[in-house]
1. Using a 10 angstrom cutoff on alpha carbons, build the Gaussian network for chain A and name the most mobile of A:290, A:164, A:246.
2. Taking the Cα atoms of the stretch B:66-206 alone, what are Rg (to one decimal) and Dmax (as a whole number) in Å?
3. According to a simple spin-label model (label point 7 Å from Cα along Cα-to-Cβ), what is the distance in nm between residue B:170 and residue B:53?
4. Rounded, prolate or oblate for the stretch B:1-141? Axes are the square roots of the Cα gyration tensor eigenvalues, ordered a ≥ b ≥ c, and the cut-off for rounded is a/c under 1.5.
5. For chain B, what is the calculated [θ] at 222 nm in deg cm²/dmol (nearest 500), taking -39500 (n - 2.57) for each run of four or more DSSP H residues and dividing by its residue count?
6. Want the number for residue B:148 to residue B:395: 0.36 nm per residue separation, take away the alpha-carbon distance, what's left?
7. Please provide three numbers in whole Å: the alpha-carbon extents of the stretch B:334-401 along the principal axes, with the largest listed first.
8. Rank A:47, A:188, A:260 by mean-square fluctuation in a GNM of chain A with C-alpha springs under 10 angstrom and give only the top-ranked residue.
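Please treat every number below as a calculation from the coordinates, not as lab data. This one's a predicted model, so the numbers in the text were calculated from it and none came from an experiment. As a convention, Cβ positions derive from the backbone with ideal geometry for all residues, glycine included, and neighbour counts pool all protein chains shown.
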């Protein structure tokens, strides 16, 4: 029997307990041994809970218990999750987590500590919820030179964008609705401004490059400025608007950004709707591969945490194989990346100098809003685009086109 | 340096050589050692080929060479692939293959032999081409009780169905086109009658149940009877027609079948178009997870073979972990499965007794063909459906609706 501790009995922690209990027999068959939840750490009381007897407020008891070989860190946030994780790893206990903030901020250090103590720091659940993505990236696509990872990495914003697309709703209305049904938090900034997607693409990029991509260096633009009129323009182009996290390697250059994009129907991410996530990986041999599923939610996220527990349980004493060094990777400027751009303009297309500024740009042939027009530029470097865009007198906004 | 032999220098075998050579540096970084193609076995000559010096006709030289630790079996077919694979495994050499016929026919025996000789028999490429599916199923979704696997598993038929859907073409025309551009073989039976998809779902079902699902026991219906009018009816229902391989577990009952289905837009497989494959896995915790990519083709398939080579190379002397016993799994009758059905009828809907026979069935409210009508049944067991369907005087055909 292998004893497991769960740190944090919130949504994901509760899910981990449920998955370990309800799928116990199947999981034991895969591990070759039973897994037993010995402790659940939380500062709150849970009278009447089915796991009440396992709940403790004493972290040190868990740390000191040699029977506990694996801990699931489902507290979220940096404090005290960082200190707890470090102490557990230093005691040779593997830690499996869904905590993307901690992984993005301290991943390489915690992986190093795990290796030094012959245990594992695993974080499949930190990106894409229940979707297997980290293990496939590291263990399956091993014959590939991966040059791009693009993902719909945040379920809240994807739910909102899907609603706006299908129902022609306004941003403010879908945000209120998402908050009302629990898909968005009261303070929705982390989701809608792209910060959550940014941490996730930082983790994927770090795993790809095996060095540390600092999420603060990633250009990040959320969806809070997307309007229903933008969707009308997207519709004219038979496109959808999706918030993408992206890292791309071109020769020696390495890029990452988070921004809303106009996607065409042939892009596999186009059909990833509602709260679902999708991660598209492009390799030089395999072309596009996509991993799709529930990017959040109690049980899907818990399932990914428990898949890490199974890995740790099957390989006692084996250090993490993940290569992610502390060395900072310096990203190149996104201004070197090439996109097309949808540009919305005030005034009359006949009067503007847009056709001269953007040679080869194509005007959209329908009027969405009186007194406005729009065009799509050819593929061009973002730096060149921005310079020209800023020179236009009557530009309203632009959205990247992929 | 780890020496590798490639058996069969056809499309996939050539791709394996290309991937190992062109991505050598990246792959060596992952393995921790260089991989070297020492032999390529083929009965043909390849004058001027970039790997000409490695080509041999002598299988026994490969078998006897202790330096060769891993072989890629990319010959296809049962003979001599079976004998070669067996001999190599008995000599302790791991074998990685794309040969779904051999895996479906002799998988459990070859896995057992590999285990007995501390080497591996790996076959990621046998299902879904370049898509990681076998390893994710075995190593990632380990916290799940998987109750259904449904896949678009054959690129040729998916290409044809996509063409019929988009262009309103006839079956015979798209088949000719697919043959002309190399997507379909001159004898297309294995693809269009569903036999290829059947072997693939047999492999996935065997891995799910850890016993042997005999592909000959799987009810298999291909696409050769699908017409452009069927797509017109599907369009009326906002649905697409896809050839699905499916295995489903309900309680103690275990089912598998291959057949064309009408899929609704919300099904993630709906958008899997052209030669792409998609495999949807449903678990009790994670809900739906989909794996998408190129299900065939030289380099994608080779990429999957080489990912197996990387695994075998990283774990010398370690036996296959795959659990798939020789014990036959007896499938339950597909007549117990529940579907809805689109039924096409001759005559006038007012005169038929279809509404009495199929209580709750809904007529489609547009005439696709003069003198025909169609309806969709409620969800019902296939056995009940067939009995009632066969009692209808003027039925033309039916297609399952998922």
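1. A:290
2. Reported Rg and Dmax, both Å: 17.5, 57.
3. 5.6 nm
4. Because its axes are fairly even, with a/c under 1.5, the stretch B:1-141 counts as rounded.
5. Here the helix-only value at 222 nm equals -10000 deg cm²/dmol.
6. Details: separation 247, 0.36 × 247 = 88.92 nm, distance 3.09 nm.
Once the chain is fully extended between residue B:148 and residue B:395, it gains 85.8 nm.
7. So the three principal-axis extents are 34, 20, 19 Å.
8. A:47
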